[in-house]
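As structure tokens, the structure follows; a few thoughts come after it.
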Amino acid sequence: MILTFGSLVGCLGQTESTFVSADHYKTRKFDVAIFPSDYIELFSGPSFTPTRQDIERAELSLRKNLEQLNQPFVNQTPKTIIHKNLNKYKRQYFGSLGASGQRFLIINCFWVKKRDKTTQDWLKQRISVLDGGSYYWQVKFNLDTGELFDLNINGHG
């Protein structure tokens, strides 16, 4: 089942925010959307706008540490092992502040498929999909410690 938060976010008052579109940051190694702190999301607690330098640190950690975190390949087929196909995923970055003031990046990842209308507004709203296996996954990165953690790969429905 595919859910986008367009209608739900509208109910929460997103239209009253100054948010128009995420910062599209694309390099040879990654293609990401950086969402500002004024994007209303369903994450609890205060938020912040990640910098491009924050994204570069997280992307480096993804390339170096995702394979180890990704054991034992939950909900993945040989074709869709996430750390082996990192370049096929677009990513959305959201900044979140922990109770003790630590800064976390919530990284929402999805496999780009041609003609997939589900992900065409990825710069304007968080992509949220139920099921879908390793085509959709999330992970967190602690900017203060450099730790990549809390990997969650969607299930199969």
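Numerical summary
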read-out: For the chain, calculated [θ]222 nm from helices alone, where every DSSP H run of n ≥ 4 adds -39500 (n - 2.57); value: -5000 deg cm²/dmol
read-out: Lysines whose Cα lies under 24 Å from that of Lys140, excluding same-chain neighbours fewer than 8 positions away; value: Lys26, Lys29, Lys64, Lys79, Lys84, Lys88, Lys90, Lys113, Lys124
read-out: Amide N proximity, segment 57-93 versus His156 label position 7 Å along Cα-to-Cβ, cut-off under 18 Å; value: 71-83
read-out: For the chain, built as a Gaussian network whose Cα springs stay under 10 Å, the top-fluctuating residue of Gly146, Gly45, Gly98; value: Gly45
read-out: Protection proxy ranking, peptides 59-65, 22-28, average beta carbon neighbours within 10 Å, highest first; value: 59-65, 22-28
read-out: Segment 64-157 - percent relative contact order, Cα under 8 Å, separation 6 or more; value: 29
read-out: The chain: C-alpha gyration tensor shape, a/c 1.5 cut-off, then a/b vs b/c; value: oblate
read-out: Rel. contact order, % - alpha carbon contacts under 8 angstrom, at least six apart, segment 2-153; value: 27
read-out: Burial order of peptide ranges 48-58, 69-79 (average beta-carbon count within 10 Å, highest first); value: 48-58, 69-79
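Bear in mind these aren't lab numbers, they're just calculated from the coordinates by the rules spelled out. Only a predicted model underlies this, so the values are computations on that prediction, with no experimental measurement involved. Note that each Cβ is placed from the backbone with ideal geometry, even for glycine, and that neighbours are counted across all protein chains shown.
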